[in-house]
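What follows draws every value from the coordinates through simple rules; no lab data is involved. Quick caveat, the model's predicted, so the values are computed rather than measured. Reconstructed Cβ throughout: ideal geometry from the backbone, glycine too, with neighbour counts over all protein chains shown.
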Amino acid sequence: MNLENQIICADAVEVMRQMPDECVDMIMTDPPYGTNLNNGDLQSKLHVILSEGRRGAPRPIFNDGKEATPLFERVVAESKRVLKRGAVMCVCVSGGGGMPAPIYALWSLILCRYLHFIQMVIWDKGKIGLGWRYRTSYECILVASKGTPFAWYDKTLTVENIIRSYELGIPKIIPSANQHPSEKPEKLAEFFLRLHSKEGDLVFDPFCGSGSFLSCAKKMNRRYFGIDLEPSYVEMSIRRLREASAPLIQSQLSATEIGLNQQKLYGDD
Ligand SMILES: C[S@@+](CC[C@H](N)C(=O)[O-])C[C@H]1O[C@@H](n2cnc3c(N)ncnc32)[C@H](O)[C@@H]1O
């Protein structure tokens, strides 16, 4: 299986089961949170209003209901196998409440079951987010590793466990109708890729969406491998990766990669 600068349209667990042991240097991912956010609720309506000036159809995300946590656990179990020793897995997850159980706590416990839990980093997204009463202004990134010592490439050892978007210039994304509804800023990935990976490393995102984390990896001279179940998001990723320029590694989407995705997208045998 060729993992070199590939994006595959398929189920993450199915693909991961075919990946060799200890082949990945870092995982940076943003799974469906299980909150059904884009199923026609306030957030999806706001996305549409802000982007088009009128209401449009909801844009649900696959597996964004009760099935999200069991799916996450299967991916973590496979991650334990495919990560190299000491390699780090960073997982975006919603902060706060709004669910029967706090998902950041549930997912932290799942990570503890399979990996060495390092830290919960708070991503302060800036002023006022969506919701009622306690309005959402932050998200979390859970950081775990396959054993210790874990990959750490910052020489200062003084990195805070809060990311303040306004200090680091991380843009707030309010997705337009033609963007992924849960797109994350590339600069968020940059923060973690700098800490836990080095040039030439293979960075893997099993829920790559529009490819923001993979694009960041390419720009930072890492190799990338991504999966998403939704063909239109895989197409977005391919476009984004084609445009992302890597200053040192001049890797481009190869003919085989495009062929592979066409096969997955359009069902050509
Ligand atoms: C929160 S979004 C990721 C957004 C991404 N970080 C970005 O910036 O565009 C989660 C993604 O997981 C994908 N997904 C859901 N279930 C999946 C599965 N079983 N295997 C692979 N991808 C899946 C969805 O299609 C969605 O694009």
Determine which aspartates and glutamates satisfy two conditions relative to LYS80: a Cα distance under 13 Å, and not lying fewer than 8 residues away in the same chain.
ASP21, GLU22, ASP25
Fewest-first sequence of PHE192, PHE225 by Cβ atoms within 10 Å of each Cβ
PHE192, PHE225
Here are some pairs, LYS187/LYS219; LYS198/LYS218; LYS125/LYS218; LYS127/LYS218; LYS155/LYS187; LYS84/LYS125; which of them have Cα atoms lying more than 22 Å apart in this structure?
LYS125/LYS218; LYS127/LYS218; LYS84/LYS125
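Could you put TRP132, TRP107 in order, starting from the residue whose Cβ has the fewest other Cβ atoms within 10 Å?
Exposure proxy ranking, most exposed first: TRP132, TRP107.
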Per 10 angstrom bin, beginning at 0 and ending with the bin that holds the maximum distance, the Cα pairs of the stretch 93-250 fall in percents of 10, 34, 40, 16, 1
Would you grab the residues whose amide H sits under 5 Å from the one on TRP123? Only those 5+ places off in sequence or on another chain, please, with H modelled 1.01 Å from N.
GLU139, CYS140, ILE141, ILE163
Can you work out ³J(HN,Hα) from phi for every residue in the stretch 166-177, in order, using Karplus 6.51 cos²θ - 1.76 cosθ + 1.60 and θ = phi - 60°, giving whole Hz and x for Gly and Pro?
5, 7, 8, x, 7, x, 7, 9, 10, x, 7, 4
Spatially proximal aspartates and glutamates relative to LYS184 (Cα-Cα < 14 Å; intrachain offsets below 8 disregarded):
ASP30, ASP124, GLU139, ASP205
Using the number of other C-beta atoms within 10 angstrom as an exposure proxy, rank LEU193, LEU214, LEU168, LEU71 with the fewest first.
LEU168, LEU71, LEU193, LEU214
